[in-house]
Each structure stands twice: as structure tokens, then as C-alpha cells.
Amino acid sequence: MDKFVTMKLKNHTKYNKKILFVSVVCSDFVCNKSIIDEIANQYEEYLKNNTELSVILDARTLNFLNPKIAWEGANVLCRFNTLAKSNVLSSCLVINNKNIVNLINMIIKVHPLVVPFKIVKTNEEALAFFTENIKT
């Protein structure tokens, strides 16, 4: 799994809230269902063990995302909707690849997100979005 994605939990000291940094570490996300399940299981553990969590998915290294893999991942993540509603304040995808952004937007139309979500280009934009959601 570490060949594809890493996860690290940090505390935002100013607001005393936790941020889960999920980083895609490969340029082509081509993997199988067992890797997706492994990533999902680790993500689920973070959701179960942390409340008032914000999530940053940094996918700026990603040049290609197989649409079938993206769809499979979205289906798997839907299992956590109830848990996410109760434990996640907001979520951001940091990415610059327009093709992947378009793919993600299409998937979101079919699988609407249950927490505030924004696609941004920088970590600073993600943190600004999180602080907006913490204050509201």
C-alpha cells in the first residue's frame, strides 16, 4: 500500500483539530482491489479513532487514474458515509490534473459526498477551506 498511498495524522494547533494527510506517492494509480481494500481499511481506522477530523488527499503527483479503479474506490468509500458524517468536518482533494478533476467530478455526481468537499490546487487553499468549516 505504501507504494501507492501514505497516511499521516497531524494536529492543527490553532484550532485543536486533527488533519489526516493522505498522499498519493505514485504517478499512475494502477492497482487491484486488494490494495484498494487495504487503503480503505486504514482510512476506516482513522475515521473510527478520530472525531472532528479534516482530510487532505494530495494527489498532485498523479498523472493517470484508471476510471475503473476510481469508480471502485468510490464504491468502497461509500461504506464509510455514516462514519464520515459523524467524524469528518471537511475534505479536500489537492490536484492539478484537469482530466482527473473531471473524472472525480463525474463520480461525485453519482456518489454525492456526505461532508463539505472542495477540489483545490494548494495546501494553503485546503487549510483555508478547513478553517471556514471549523468556524461555521
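Take the conditions at pLDDT below 95, closer than 27 Å to Asn32 by Cβ and over 14 Å from the mean Cα position of the chain (by Cα) and apply them to Val110. Does it pass? Criteria met by Val110. Checked against (1) in contact with a helix residue (DSSP H, G or I) (Cβ under 6 Å, 6 or more places away or on another chain); (2) in contact (Cβ under 8 Å) with a residue 60 or more places away in the chain; (3) under 19 Å from Thr6 (Cα atoms), Leu89 passes all but a single condition, namely (3).
Close contacts from segment 28-54, counting a first residue that is closer than 30 Å to Thr13 by Cβ and a second that is polar (S, T, N, Q) and at pLDDT below 90, with Cβ to Cβ under 8 Å and a gap of 6+ residues or different chains, come to Ser54/Asn133. Please verify whether Leu93 is surrounded by 16 or more Cβ atoms within 10 Å (Cβ to Cβ), at pLDDT below 95 and either in contact with a Cys (Cβ under 8 Å, 6 or more places away or on another chain) or aliphatic (A, V, I, L, M) (or both), treating the condition exactly as stated. Answer is no for this residue. Of everything listed in (1) under 17 Å from Ile56 (Cα atoms); (2) touching a strand residue (DSSP E or B) at 6+ places or on another chain (Cβ under 8 Å), the single unmet condition for Glu124 is (2).
Please verify whether segment 68-79 includes one or more residues that are over 25 Å from Ser27 (Cβ atoms), in contact with an Asp or Glu (Cβ under 8 Å, 6 or more places away or on another chain) and of a type in the set (A, V, I, L, M). No - not one qualifying residue is present in segment 68-79. Take Leu20 and tell me if it is under 12 Å from the mean Cα position of the chain (by Cα) and not in a loop (DSSP other than H, G, I, E, B). For Leu20, the condition - under 12 Å from the mean Cα position of the chain (by Cα) and not in a loop (DSSP other than H, G, I, E, B) - is met. Only residues that are aromatic (Phe, Trp, Tyr) and part of a strand (DSSP E or B) were counted in segment 23-49, giving 1.
One line per residue, one yes/no per condition, for (1) hydroxyl-bearing (Ser, Thr, Tyr); (2) not in a loop (DSSP other than H, G, I, E, B):
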{"site": "Thr51", "(1), (2)": "yes, no"}
{"site": "Ser54", "(1), (2)": "yes, yes"}
{"site": "Leu57", "(1), (2)": "no, yes"}
{"site": "Thr61", "(1), (2)": "yes, no"}
{"site": "Lys68", "(1), (2)": "no, yes"}
{"site": "Trp71", "(1), (2)": "no, yes"}
{"site": "Val76", "(1), (2)": "no, yes"}
{"site": "Phe80", "(1), (2)": "no, yes"}
{"site": "Ser86", "(1), (2)": "yes, yes"}
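Can you find, within segment 27-41, the residue that is nearest to Asn123 (Cα to Cα) among those that are touching a strand residue (DSSP E or B) at 6+ places or on another chain (Cβ under 8 Å) and exposed (fewer than 15 other Cβ atoms within 10 Å of the Cβ)? Residue satisfying both the conditions and the ranking: Ser27.
The values are calculated or read from the model by the stated rules, or taken from the named source; none is laboratory data. All values reported here derive from a predicted model rather than from experimental measurement. Cβ coordinates were reconstructed from backbone atoms using ideal geometry, including for glycine residues, and neighbour counts include every protein chain displayed.
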